[in-house]
Amino acid sequence: QVQLVESGGGLVQAGDSLRLSCAASGRAFSTYTMGWFRHAPGKEREFVAAINWGGGTTNYADSVKGRFTISRDNGKNTVYLRMNSLKPEDTAVYYCAANNWGLTTANGREYDHWGQGTQVTVSS
């Protein structure tokens, strides 16, 4: 079992950067694939990025490739999402999620554990 707590969201202007963090409890963190998803009002939940247990494999949504970077520090039980060149359309609640299947899947249904989310608002 793993519990996830996101932080780092806020209100920024277009073009700014933010780094989200997701702190995980539990000794098995290093065995989980971690993902970031986002949910904007009126839209379906959207996959953002995922990283495998060792950090050697990542997966990104086309909409964030080249702007966002996912990373993890297993010693700190934390996964990060560095977001550069933010756009108003990046505005959403961002959630981190964990799955124990080993796949950097974009399918949210394959993630077993979810955090409570952190709000990111990008003004134009």
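The values are calculated or read from the model by the stated rules, or taken from the named source; none is laboratory data. Note that the coordinates shown come from a computational prediction; the quantities given were computed from them, not determined experimentally. For neighbour counting, all protein chains shown are included, and Cβ atoms are generated from backbone atoms with ideal geometry for every residue, glycine included. Just so you know, the surface numbers come from the protein's heavy atoms only, side chains and all, with ligands and any DNA or RNA stripped out. Shrake-Rupley method; radii C 1.70, N 1.55, O 1.52, S 1.80 Å.
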* To do: Give me the compactness ratio for segment 56-98, meaning the Cα radius of gyration over 2.2 N^0.38 Å.
  => 1.25
* Structure fact -> Toy charge model, Lys and Arg Cβ at +1, Asp and Glu Cβ at -1: the chain dipole around Cα centroid in debye, rounded to 20, equals 180 debye
* To do: Treat the chain as a sphere of radius equal to its Kirkwood radius over Cα pairs and apply Stokes-Einstein at 10 °C in a medium of 1.306 mPa s; give the translational diffusion coefficient in µm²/s, rounded to a whole number.
  => 113 µm²/s
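What is the dipole size for segment 47-99, taken about its Cα centre, with +1 at each Lys and Arg Cβ and -1 at each Asp and Glu Cβ, in debye to the nearest 20? Can you show the working numbers first?
Numbers: 6 positive and 4 negative charges, 28 e Å.
For segment 47-99, the charge dipole is close to 140 debye.
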* By a straight-distance test (C-alpha under 18 Å), which lysines pair with LYS87 as possible cross-link partners, with residues fewer than eight away in the same chain excluded? -> LYS43, LYS65
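For the full complex of protein chains and a 1.4 angstrom probe, list HIS39, HIS113 by accessible area with the highest value first.
HIS39, HIS113
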* To do: Please state, to two decimals, what the Cα-based radius of gyration of segment 26-88 comes to when divided by 2.2 N^0.38 Å (N = residues).
  => 1.18
